[in-house]
1. Report, ordered by the first and then the second residue, all pairs with beta carbons closer than 6 Å, sequence separation of six or more or different chains, a first member in segment 25-51 that is of a type in the set (S, T, N, Q), and a second member that is open to solvent by 60 Å² or more (accessible area, probe 1.4 Å).
2. Could you tell me which numbered condition Gly69 fails, if it satisfies all but one of (1) more than 24 Å from Ala232 (Cα to Cα); (2) open to solvent by 10 Å² or more (accessible area, probe 1.4 Å); (3) modelled with pLDDT under 85?
3. Which of the residues spanning segment 94-134 are more than 21 Å from the chain's Cα centre (by Cα) and surrounded by fewer than 17 Cβ atoms within 10 Å (Cβ to Cβ)?
4. Would you point out which residue out of Arg8, Arg37 is among the basic types (Lys, Arg) and open to solvent by less than 10 Å² (accessible area, probe 1.4 Å)?
5. Which is closer than 29 Å to Ile73 by Cβ, open to solvent by 20 Å² or more (accessible area, probe 1.4 Å), modelled with pLDDT under 90 and assigned to a loop (DSSP other than H, G, I, E, B), of Lys219, Lys195?
6. Tell me which of these Ile141 doesn't satisfy, since it passes every other one: (1) assigned to a helix (DSSP H, G or I); (2) in contact with a Lys or Arg (Cβ under 8 Å, 6 or more places away or on another chain); (3) at pLDDT 95 or above.
7. Is it the case that some residue within segment 64-78 is under 27 Å from Ala173 (Cβ atoms) and more than 22 Å from the chain's Cα centre (by Cα)?
Amino acid sequence: MKTNDDVRCQILSKVRKIVVKIGTGVLTTESGYVDKRQIQGLAEQVVELKKMGYDVVVVSSGAIGSGMGELGIEKRPGTLPELQAVAAIGQSKLISTYDDSFKLHGYHAAQILLTREDFEDRQRYLNTCNTIHTLFQLNAIPVVNENDTISVDEIKFGDNDALSALVTNLLNAELLIILSSVDGLYDKFPTGKSKTSVLSIVDNVSDEIRQLAFDFKTKRGIGGMQTKLEAASVVTNAGEAMIIANGRADGVLRKIVKGECIGTLFLPKQEKLASRKRWIGYTIKPKGKVSVDEGAMHALTEQGKSLLASGIVSVEGTFHKGDTVSVCGRENGVIIARGLTNYSSAEIEKIKGCSTSYIAKVLGYKLYDEVIHRDNMVILY
(Lines give C-alpha, C1' and ligand atoms only; values in the text may rest on other atoms or scores of the structure.)
Protein backbone atom coordinates (compact mmCIF):
# COMPACT_ATOMS: atom_id res chain seq x y z
CA MET A 1 0.00 0.00 0.00
CA LYS A 2 1.37 3.39 -0.98
CA THR A 3 2.08 5.93 1.76
CA ASN A 4 1.36 9.65 1.44
CA ASP A 5 5.05 10.21 0.79
CA ASP A 6 4.97 7.66 -2.04
CA VAL A 7 1.98 9.37 -3.60
CA ARG A 8 3.66 12.78 -3.42
CA CYS A 9 6.84 11.51 -4.99
CA GLN A 10 4.88 9.82 -7.77
CA ILE A 11 2.97 13.02 -8.56
CA LEU A 12 6.04 15.26 -8.39
CA SER A 13 8.09 12.95 -10.62
CA LYS A 14 5.80 13.93 -13.53
CA VAL A 15 6.04 17.69 -12.97
CA ARG A 16 7.85 19.86 -15.50
CA LYS A 17 5.89 23.12 -15.32
CA ILE A 18 4.92 24.80 -12.05
CA VAL A 19 2.66 27.76 -11.32
CA VAL A 20 3.38 29.39 -7.95
CA LYS A 21 0.64 31.66 -6.62
CA ILE A 22 1.74 33.95 -3.80
CA GLY A 23 -0.92 35.61 -1.66
CA THR A 24 -0.96 39.17 -0.34
CA GLY A 25 -0.52 38.02 3.25
CA VAL A 26 2.69 36.23 2.29
CA LEU A 27 4.15 39.24 0.50
CA THR A 28 3.37 42.14 2.80
CA THR A 29 4.27 43.09 6.36
CA GLU A 30 1.75 43.71 9.13
CA SER A 31 1.85 47.41 8.26
CA GLY A 32 1.01 46.61 4.65
CA TYR A 33 4.29 47.37 2.94
CA VAL A 34 5.94 44.97 0.53
CA ASP A 35 8.15 42.56 2.48
CA LYS A 36 11.30 42.73 0.36
CA ARG A 37 13.10 40.03 2.32
CA GLN A 38 10.20 37.66 1.85
CA ILE A 39 10.09 38.28 -1.90
CA GLN A 40 13.86 37.87 -2.13
CA GLY A 41 13.66 34.53 -0.33
CA LEU A 42 10.88 33.22 -2.55
CA ALA A 43 12.62 34.56 -5.68
CA GLU A 44 15.75 32.65 -4.73
CA GLN A 45 13.73 29.43 -4.41
CA VAL A 46 12.00 30.05 -7.76
CA VAL A 47 15.40 30.44 -9.41
CA GLU A 48 16.51 27.17 -7.80
CA LEU A 49 13.50 25.46 -9.39
CA LYS A 50 14.47 26.96 -12.75
CA LYS A 51 18.01 25.64 -12.40
CA MET A 52 16.61 22.21 -11.53
CA GLY A 53 14.90 22.16 -14.93
CA TYR A 54 11.39 23.30 -14.06
CA ASP A 55 9.52 25.98 -16.01
CA VAL A 56 8.06 28.32 -13.39
CA VAL A 57 5.41 31.04 -13.51
CA VAL A 58 4.71 33.27 -10.50
CA VAL A 59 1.14 34.51 -10.05
CA SER A 60 1.50 37.29 -7.54
CA SER A 61 -1.10 39.10 -5.51
CA GLY A 62 -0.14 42.21 -3.61
CA ALA A 63 -0.68 45.17 -5.95
CA ILE A 64 -3.54 46.61 -3.93
CA GLY A 65 -1.96 45.59 -0.63
CA SER A 66 1.32 47.16 -1.70
CA GLY A 67 -0.43 50.36 -2.73
CA MET A 68 -2.25 50.50 0.59
CA GLY A 69 1.07 50.23 2.39
CA GLU A 70 2.66 52.96 0.30
CA LEU A 71 -0.28 55.29 0.96
CA GLY A 72 -0.62 54.38 4.63
CA ILE A 73 -4.17 53.05 4.16
CA GLU A 74 -5.25 50.59 6.87
CA LYS A 75 -8.54 49.35 5.40
CA ARG A 76 -9.03 47.98 1.89
CA PRO A 77 -10.77 50.68 -0.21
CA GLY A 78 -14.43 50.07 -0.94
CA THR A 79 -14.97 51.90 -4.21
CA LEU A 80 -13.80 50.84 -7.65
CA PRO A 81 -11.88 54.06 -8.51
CA GLU A 82 -9.99 53.84 -5.20
CA LEU A 83 -9.12 50.19 -5.77
CA GLN A 84 -7.86 50.91 -9.27
CA ALA A 85 -5.81 53.90 -8.14
CA VAL A 86 -4.24 51.99 -5.25
CA ALA A 87 -3.46 49.06 -7.56
CA ALA A 88 -1.76 51.39 -10.05
CA ILE A 89 0.55 52.66 -7.32
CA GLY A 90 1.20 49.26 -5.80
CA GLN A 91 1.83 47.25 -8.98
CA SER A 92 4.89 49.27 -9.97
CA LYS A 93 6.38 48.80 -6.50
CA LEU A 94 5.61 45.10 -6.55
CA ILE A 95 7.13 44.26 -9.94
CA SER A 96 10.18 46.42 -9.18
CA THR A 97 10.83 44.37 -6.05
CA TYR A 98 10.48 41.11 -8.00
CA ASP A 99 12.82 42.33 -10.72
CA ASP A 100 15.47 43.43 -8.21
CA SER A 101 15.19 40.06 -6.45
CA PHE A 102 15.55 37.99 -9.63
CA LYS A 103 18.43 40.12 -10.91
CA LEU A 104 20.47 39.02 -7.89
CA HIS A 105 20.51 35.58 -9.57
CA GLY A 106 20.85 36.65 -13.20
CA TYR A 107 17.17 36.61 -14.12
CA HIS A 108 14.56 39.22 -15.01
CA ALA A 109 10.94 39.57 -13.91
CA ALA A 110 8.63 39.59 -16.94
CA GLN A 111 5.43 41.39 -15.97
CA ILE A 112 2.21 39.99 -17.46
CA LEU A 113 -1.04 41.76 -16.51
CA LEU A 114 -4.19 39.91 -17.56
CA THR A 115 -7.94 40.48 -17.61
CA ARG A 116 -10.81 38.05 -18.06
CA GLU A 117 -11.03 39.09 -21.72
CA ASP A 118 -7.52 37.78 -22.33
CA PHE A 119 -8.77 34.31 -21.41
CA GLU A 120 -12.16 34.52 -23.09
CA ASP A 121 -10.82 35.53 -26.51
CA ARG A 122 -9.32 32.40 -28.07
CA GLN A 123 -6.62 34.28 -30.04
CA ARG A 124 -5.49 36.35 -27.06
CA TYR A 125 -5.56 33.19 -24.95
CA LEU A 126 -3.19 31.40 -27.33
CA ASN A 127 -0.98 34.50 -27.68
CA THR A 128 -0.59 34.65 -23.90
CA CYS A 129 0.36 30.97 -23.83
CA ASN A 130 2.95 31.47 -26.60
CA THR A 131 4.45 34.51 -24.85
CA ILE A 132 4.91 32.67 -21.57
CA HIS A 133 6.47 29.66 -23.28
CA THR A 134 8.89 31.99 -25.07
CA LEU A 135 9.84 33.55 -21.73
CA PHE A 136 10.68 30.06 -20.44
CA GLN A 137 13.49 29.98 -23.00
CA LEU A 138 14.95 33.28 -21.78
CA ASN A 139 16.52 34.33 -18.48
CA ALA A 140 13.14 35.56 -17.29
CA ILE A 141 10.50 34.58 -14.75
CA PRO A 142 6.93 35.44 -15.80
CA VAL A 143 5.16 37.32 -12.99
CA VAL A 144 1.41 37.34 -13.62
CA ASN A 145 -1.22 39.48 -11.93
CA GLU A 146 -4.70 40.79 -12.58
CA ASN A 147 -4.71 44.08 -14.43
CA ASP A 148 -6.49 45.64 -11.47
CA THR A 149 -6.29 49.19 -12.84
CA ILE A 150 -8.81 48.34 -15.61
CA SER A 151 -10.35 44.97 -14.68
CA VAL A 152 -13.69 45.95 -13.18
CA ASP A 153 -15.21 42.50 -12.81
CA GLU A 154 -12.13 40.85 -11.30
CA ILE A 155 -11.65 43.52 -8.64
CA LYS A 156 -15.25 43.13 -7.51
CA PHE A 157 -15.64 39.37 -7.77
CA GLY A 158 -12.34 37.75 -8.75
CA ASP A 159 -9.16 36.72 -7.00
CA ASN A 160 -5.73 35.42 -7.86
CA ASP A 161 -6.56 31.89 -6.74
CA ALA A 162 -8.91 31.71 -9.72
CA LEU A 163 -6.34 33.40 -11.95
CA SER A 164 -3.64 30.91 -10.96
CA ALA A 165 -5.95 28.00 -11.84
CA LEU A 166 -6.62 29.55 -15.26
CA VAL A 167 -2.90 30.05 -15.86
CA THR A 168 -2.23 26.45 -14.83
CA ASN A 169 -4.75 25.21 -17.39
CA LEU A 170 -3.48 27.66 -19.99
CA LEU A 171 0.02 26.19 -19.79
CA ASN A 172 -0.97 22.57 -19.05
CA ALA A 173 1.25 22.94 -15.98
CA GLU A 174 1.35 19.74 -13.93
CA LEU A 175 1.42 21.51 -10.56
CA LEU A 176 -0.10 24.62 -9.00
CA ILE A 177 1.37 25.67 -5.67
CA ILE A 178 -0.72 28.19 -3.71
CA LEU A 179 1.35 29.86 -1.01
CA SER A 180 -0.94 31.21 1.68
CA SER A 181 -0.86 32.41 5.29
CA VAL A 182 -2.07 29.01 6.53
CA ASP A 183 -0.32 25.64 6.58
CA GLY A 184 -2.87 23.94 4.34
CA LEU A 185 -6.44 22.66 4.58
CA TYR A 186 -7.32 22.00 8.23
CA ASP A 187 -9.58 19.13 9.29
CA LYS A 188 -11.46 21.54 11.58
CA PHE A 189 -11.40 25.20 12.50
CA PRO A 190 -8.20 25.95 14.48
CA THR A 191 -8.90 27.18 17.99
CA GLY A 192 -6.96 27.23 21.23
CA LYS A 193 -9.21 24.54 22.69
CA SER A 194 -9.19 21.83 20.04
CA LYS A 195 -6.30 20.10 18.34
CA THR A 196 -6.31 20.41 14.56
CA SER A 197 -4.23 18.93 11.81
CA VAL A 198 -3.56 19.71 8.17
CA LEU A 199 -4.90 17.20 5.66
CA SER A 200 -1.90 15.79 3.82
CA ILE A 201 -3.78 14.56 0.75
CA VAL A 202 -7.22 15.27 -0.71
CA ASP A 203 -8.30 12.95 -3.51
CA ASN A 204 -11.52 14.77 -4.42
CA VAL A 205 -12.91 18.26 -3.80
CA SER A 206 -16.22 16.91 -2.52
CA ASP A 207 -19.03 18.71 -0.70
CA GLU A 208 -17.57 17.39 2.55
CA ILE A 209 -14.18 18.91 1.73
CA ARG A 210 -15.80 22.22 0.75
CA GLN A 211 -17.30 22.45 4.24
CA LEU A 212 -13.74 22.79 5.58
CA ALA A 213 -13.35 26.18 3.84
CA PHE A 214 -12.94 28.23 7.00
CA ASP A 215 -12.51 31.98 6.52
CA PHE A 216 -8.93 33.17 7.09
CA LYS A 217 -9.11 36.27 4.86
CA THR A 218 -6.77 39.14 5.70
CA LYS A 219 -7.54 42.84 5.66
CA ARG A 220 -5.62 43.28 2.42
CA GLY A 221 -6.46 40.07 0.61
CA ILE A 222 -9.77 39.03 -0.95
CA GLY A 223 -9.22 35.31 -1.23
CA GLY A 224 -10.01 32.63 1.31
CA MET A 225 -10.01 28.85 1.56
CA GLN A 226 -13.22 28.66 -0.47
CA THR A 227 -11.55 30.25 -3.50
CA LYS A 228 -8.57 27.95 -3.08
CA LEU A 229 -10.83 24.90 -3.12
CA GLU A 230 -12.51 26.23 -6.25
CA ALA A 231 -9.06 26.54 -7.83
CA ALA A 232 -8.26 22.98 -6.72
CA SER A 233 -11.46 21.72 -8.33
CA VAL A 234 -10.62 23.39 -11.66
CA VAL A 235 -7.00 22.22 -11.70
CA THR A 236 -7.58 18.64 -10.57
CA ASN A 237 -10.56 18.12 -12.89
CA ALA A 238 -8.27 19.10 -15.76
CA GLY A 239 -5.82 16.39 -14.66
CA GLU A 240 -3.21 18.41 -12.75
CA ALA A 241 -2.17 18.57 -9.08
CA MET A 242 -2.33 21.41 -6.58
CA ILE A 243 -0.71 22.09 -3.20
CA ILE A 244 -1.70 24.65 -0.56
CA ALA A 245 1.16 25.51 1.80
CA ASN A 246 2.36 28.25 4.13
CA GLY A 247 4.35 30.77 2.08
CA ARG A 248 6.30 31.93 5.12
CA ALA A 249 7.53 28.46 6.02
CA ASP A 250 11.31 28.19 5.66
CA GLY A 251 12.31 26.83 2.25
CA VAL A 252 8.71 25.95 1.39
CA LEU A 253 9.23 25.55 -2.39
CA ARG A 254 12.43 23.53 -1.92
CA LYS A 255 10.63 21.17 0.45
CA ILE A 256 7.64 20.74 -1.86
CA VAL A 257 9.64 19.73 -4.94
CA LYS A 258 11.71 17.35 -2.81
CA GLY A 259 8.51 15.54 -1.91
CA GLU A 260 8.44 16.50 1.76
CA CYS A 261 5.05 16.22 3.45
CA ILE A 262 4.25 19.91 3.66
CA GLY A 263 0.88 21.52 3.01
CA THR A 264 -2.15 19.82 1.43
CA LEU A 265 -1.81 17.98 -1.88
CA PHE A 266 -4.90 17.76 -4.10
CA LEU A 267 -4.65 14.75 -6.38
CA PRO A 268 -5.36 15.12 -10.11
CA LYS A 269 -8.03 13.18 -11.94
CA GLN A 270 -6.51 10.38 -13.99
CA GLU A 271 -7.64 11.70 -17.36
CA LYS A 272 -6.00 14.92 -18.55
CA LEU A 273 -8.23 17.28 -20.48
CA ALA A 274 -6.99 18.58 -23.83
CA SER A 275 -6.12 22.28 -23.94
CA ARG A 276 -9.19 23.24 -25.96
CA LYS A 277 -11.54 21.45 -23.58
CA ARG A 278 -9.92 23.20 -20.61
CA TRP A 279 -10.71 26.46 -22.33
CA ILE A 280 -14.32 25.47 -22.96
CA GLY A 281 -15.03 23.89 -19.58
CA TYR A 282 -13.18 26.10 -17.13
CA THR A 283 -12.13 29.36 -18.78
CA ILE A 284 -14.98 30.90 -20.77
CA LYS A 285 -17.89 32.34 -18.80
CA PRO A 286 -21.20 30.78 -19.90
CA LYS A 287 -23.65 33.11 -21.65
CA GLY A 288 -26.69 31.08 -20.61
CA LYS A 289 -27.87 27.61 -19.72
CA VAL A 290 -30.14 24.78 -20.85
CA SER A 291 -31.80 22.26 -18.57
CA VAL A 292 -32.12 18.65 -19.69
CA ASP A 293 -34.20 15.63 -18.72
CA GLU A 294 -32.90 12.48 -17.03
CA GLY A 295 -32.46 10.64 -20.32
CA ALA A 296 -30.21 13.35 -21.69
CA MET A 297 -28.26 13.50 -18.41
CA HIS A 298 -27.57 9.78 -18.64
CA ALA A 299 -26.60 10.01 -22.31
CA LEU A 300 -24.15 12.85 -21.61
CA THR A 301 -22.54 11.61 -18.39
CA GLU A 302 -22.65 7.83 -18.85
CA GLN A 303 -22.65 7.20 -22.61
CA GLY A 304 -20.50 10.03 -23.94
CA LYS A 305 -23.21 11.32 -26.26
CA SER A 306 -23.82 14.75 -27.74
CA LEU A 307 -26.69 16.95 -26.56
CA LEU A 308 -29.77 16.72 -28.79
CA ALA A 309 -32.76 19.05 -28.84
CA SER A 310 -35.04 16.23 -27.73
CA GLY A 311 -33.46 16.15 -24.27
CA ILE A 312 -33.74 19.89 -23.57
CA VAL A 313 -36.62 21.05 -21.38
CA SER A 314 -35.85 24.76 -20.81
CA VAL A 315 -33.53 27.61 -21.81
CA GLU A 316 -32.22 30.56 -19.76
CA GLY A 317 -30.34 33.64 -20.93
CA THR A 318 -29.71 35.13 -24.35
CA PHE A 319 -26.88 33.62 -26.37
CA HIS A 320 -25.81 33.03 -29.94
CA LYS A 321 -24.37 30.19 -31.98
CA GLY A 322 -20.80 29.48 -30.83
CA ASP A 323 -21.30 30.82 -27.29
CA THR A 324 -20.52 28.72 -24.23
CA VAL A 325 -23.56 27.51 -22.29
CA SER A 326 -24.01 25.46 -19.14
CA VAL A 327 -26.00 22.23 -19.21
CA CYS A 328 -27.99 21.56 -16.04
CA GLY A 329 -30.11 18.77 -14.67
CA ARG A 330 -33.82 19.57 -14.62
CA GLU A 331 -34.45 18.19 -11.13
CA ASN A 332 -31.56 19.62 -9.10
CA GLY A 333 -30.19 22.40 -11.30
CA VAL A 334 -26.63 21.11 -10.90
CA ILE A 335 -24.33 22.05 -13.78
CA ILE A 336 -23.28 18.80 -15.41
CA ALA A 337 -21.48 20.14 -18.49
CA ARG A 338 -20.41 23.17 -20.49
CA GLY A 339 -20.11 23.41 -24.23
CA LEU A 340 -20.22 25.49 -27.40
CA THR A 341 -23.75 25.66 -28.73
CA ASN A 342 -24.64 25.14 -32.39
CA TYR A 343 -27.89 27.08 -32.00
CA SER A 344 -28.95 30.38 -30.42
CA SER A 345 -31.19 30.61 -27.35
CA ALA A 346 -34.09 31.73 -29.55
CA GLU A 347 -33.63 28.72 -31.84
CA ILE A 348 -33.33 26.26 -28.94
CA GLU A 349 -36.49 27.70 -27.40
CA LYS A 350 -38.33 26.64 -30.56
CA ILE A 351 -36.77 23.18 -31.00
CA LYS A 352 -36.46 22.03 -27.37
CA GLY A 353 -38.03 18.60 -26.93
CA CYS A 354 -38.10 17.98 -30.68
CA SER A 355 -36.46 15.03 -32.36
CA THR A 356 -33.62 15.83 -34.73
CA SER A 357 -35.74 15.08 -37.78
CA TYR A 358 -38.19 17.86 -36.84
CA ILE A 359 -35.62 20.66 -36.48
CA ALA A 360 -35.83 21.64 -40.16
CA LYS A 361 -39.64 21.63 -40.04
CA VAL A 362 -39.70 23.92 -37.00
CA LEU A 363 -36.93 26.34 -38.00
CA GLY A 364 -37.08 26.02 -41.77
CA TYR A 365 -33.47 24.84 -41.76
CA LYS A 366 -31.17 22.50 -39.83
CA LEU A 367 -27.59 23.61 -39.23
CA TYR A 368 -26.57 20.60 -37.12
CA ASP A 369 -28.07 17.45 -35.71
CA GLU A 370 -26.63 18.24 -32.27
CA VAL A 371 -27.29 21.30 -30.11
CA ILE A 372 -23.86 20.74 -28.52
CA HIS A 373 -21.50 18.23 -30.09
CA ARG A 374 -19.56 15.96 -27.78
CA ASP A 375 -16.25 17.29 -29.15
CA ASN A 376 -17.23 20.78 -27.99
CA MET A 377 -18.43 19.74 -24.53
CA VAL A 378 -16.81 19.11 -21.15
CA ILE A 379 -18.54 17.00 -18.51
CA LEU A 380 -18.17 18.66 -15.09
CA TYR A 381 -20.35 16.48 -12.88
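The values are calculated or read from the model by the stated rules, or taken from the named source; none is laboratory data. Bear in mind the structure is a predicted one, so any value in this text is a computation, not a measurement. Note: ideal-geometry Cβ built from the backbone for every residue, glycine included; neighbour counts use all protein chains shown. Protein only, heavy atoms only, side chains kept; ligands, DNA and RNA dropped before computing areas. Shrake-Rupley method; radii C 1.70, N 1.55, O 1.52, S 1.80 Å.
1. Gln45/Arg254
2. (2)
3. Hits for segment 94-134 are Ser96, Asp100, Lys103, Leu104, His105, Gly106, His108, Thr134.
4. Arg8
5. Residue meeting the stated conditions: Lys219.
6. (1)
7. yes
One line per residue, one yes/no per condition, for (1) touching a helix residue (DSSP H, G or I) at 6+ places or on another chain (Cβ under 8 Å); (2) small (Gly, Ala, Ser):
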| site | (1), (2) |
| --- | --- |
| Cys261 | yes, no |
| Thr264 | no, no |
| Pro268 | yes, no |
| Arg276 | no, no |
| Gly288 | yes, yes |
| Glu294 | no, no |
| Glu302 | no, no |
| Ser306 | yes, yes |
| Thr324 | yes, no |
